[in-house]
Amino acid sequence: MALPVGVPKAEALARYVDELINQRRLMPGERIATKDELRQETGLARATVNEAVRLLQSQGRILVRPGPGGGLFVAHTDPVVRLGQTLLAVHSEPVSVTDAVAVRDALEPLLAADAARFRSARDIADLRVLLDAMADVVGDPERFIRANWRLHERIAQIVGNHMLQTIYLGLAQFIQDQAVAVVPDMSANEHTEYKKHRLYLHIDLVQAIIAGDPEQAAAAARRHSLEIRPAQDMRPEQTGAGV
């Protein structure tokens with residue numbers, strides 16, 4: 001098996017080890033190789049192997065055990081870490097961003113309802129500030145979108161369901177990393193009116209959360225997703241799919 005080309009050597013070796021795990025169908029706790037074995041197989045320098053090992057450890061992919069019988073072993077990875085690794089792994093797939101947006105939109109009502117249950121006075125104050133920030137940049141497409149993201153991230157920080165929060169924020173970061181803002185094909189006046197409509201949708205969403213009404217918040221989130229998603233304000237940098 002050859003090392004991947006076109007990437008730094010340490011990253012190439014990390015991918016090589018991942019391939020070893022997949023090809024051999026190694027389970028958590030099973031031995032992969034020693035550092036010396038990897039050096040002999042690949043011809044890479046000791047420093048490069050050590051850097052690749054540190055990278056794999058930081059990703060939660062491997063454990064390193066010293067001494068006789070030691071080496072690199074497949075780590076036991078928790079579901080949230082595996083989600084992050086999956087998002088990183090699919091970033092070059094043609095529909096990955098579109099798929100991530102669809103999952104994120106499906107989570108919005110759950111997120112809004114949970115935020116309505118757990119919002120505090122501090123949360124309410126922050127949401128109002130972020131709404132005002134969106135209103136201040138209605139005429140600036142890119143700043144409006146960034147303000148929109150900050151609002152949704154702050155809503156996610158309110159929820160009591162840690163798994164929901166982690167998955168949603170992971171998806172949101174993935175989408176932001178893969179996308180750039182584009183201006184919809186419309187006149188300046190039409191664009192401003194469109195942004196105002198989006199702002200009103202977010203006002204309804206935040207007001208429902210502030211009111212502490214989970215059902216109303218979930219309904220507002222569903223309206224938000226249905227009315228906003230067809231307008232393609234974002235495009236992935238690599239894939240070309242609308243967000």
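Rule-based calculations on the coordinates, nothing more; no lab input. Please read these numbers as outputs of a predicted model, since none were measured by experiment. Glycine gets a Cβ as well: all are built from the backbone with ideal geometry, and neighbour counts include every protein chain shown.
Exposure proxy check: D126, D140 ranked by fewest other beta carbons within 10 Å?
Result, fewest neighbours first: D140, D126.
Exposure proxy ranking for E108, E11, E30, based on other Cβ atoms within 10 angstrom of each Cβ and starting from the fewest, stands as E30, E11, E108. For the stretch 9-74, a simple Cβ point-charge model (Lys and Arg +1, Asp and Glu -1, everything else neutral) yields a dipole of about 100 debye relative to the Cα centre.
First obtain the Kirkwood hydrodynamic radius of the stretch 9-74 from its Cα pairs, then insert it into the Stokes-Einstein equation at 20 °C and 1.002 mPa s, and state the resulting D in µm² per second as a whole number. D, rounded to a whole number, is 184 µm²/s. Ordered by the count of other Cβ atoms within 10 Å of each Cβ, fewest first, S58, S225 give S58, S225.
Within the stretch 99-180, which chymotrypsin sites (Phe, Trp or Tyr not before Pro) sit in a loop by DSSP and count at most 12 neighbouring Cβ atoms inside 10 Å?
Passing both the DSSP loop test and the Cβ count: no residue.
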